[in-house]
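A short worksheet on the structure shown next.
Each value in this text was obtained by applying a stated rule to the coordinates, not by laboratory testing. As the structure is a computational prediction, the values presented were derived from the model and not from experiment. Don't worry about glycine lacking a Cβ; one is built from the backbone with ideal geometry, like all the others, and counts go over all protein chains shown.
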Amino acid sequence: MTNLQKHQITNLREKGYGYTKIANEMGISVNTIKSFFRRSKEVKPKEDNKHYCKCCGKVVKQTKGRKEKKFCSRECRQKWWNSHLDKVNRKAYEKKICLKCGKEFLVYGSAPKKFCTHGCYIAFRFGGGAD
């Protein structure tokens, strides 16, 4: 692989292209692209970036290959979220009417519920009680 190709591959990746799309653009095997990035990560020593707890500011130990931890403990996480309720993504409750009994019931989020209970669903679906 030439230096020009390496530069082009890196530029495409920075633009947000995936491995397959880069491979198609460059006419190179997907595995070659994956290997290039795997090797380039090994060659470049990663800067020793320290991650700090959002709540107390302590250094948070990160586990390689896992999602970045933002808090040092469960207590800090709960304390931070309780003091930043405006950043919580809450779904609204939605009022619906049961197709069987006609009662109004609440559904959390955008769940596609049509019946207030499983019993109403069974009665509606299978005609429960009609002997």
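Here the dipole of the chain is about 460 debye; that uses its Cα centre as origin and unit charges on the Cβ of Lys and Arg (positive) and Asp and Glu (negative). Relative to the longest principal axis of the chain, what angle (0 to 90°, nearest 10) does the C-alpha long axis of helix 3-14 take? For 3-14 against the chain, the angle is about 20 degrees. Here segment 3-43 was treated as a single set of alpha-carbon atoms; its pair distances binned every 10 Å from 0 give 32, 63, 5 percent.
Near Ser83: Cβ cut-off under 13 Å, other residues only, Lys/Arg at +1 and Asp/Glu at -1. The net charge is +2. Only helical runs count toward this figure. For the chain, summing -39,500 (n - 2.57) over DSSP H runs of n ≥ 4 and dividing by all residues gives -12000 deg cm²/dmol at 222 nm. By the equivalent-ellipsoid construction on the alpha carbon gyration tensor, the chain comes out with semi-axes of 50, 29, 13 Å, ordered largest to smallest.
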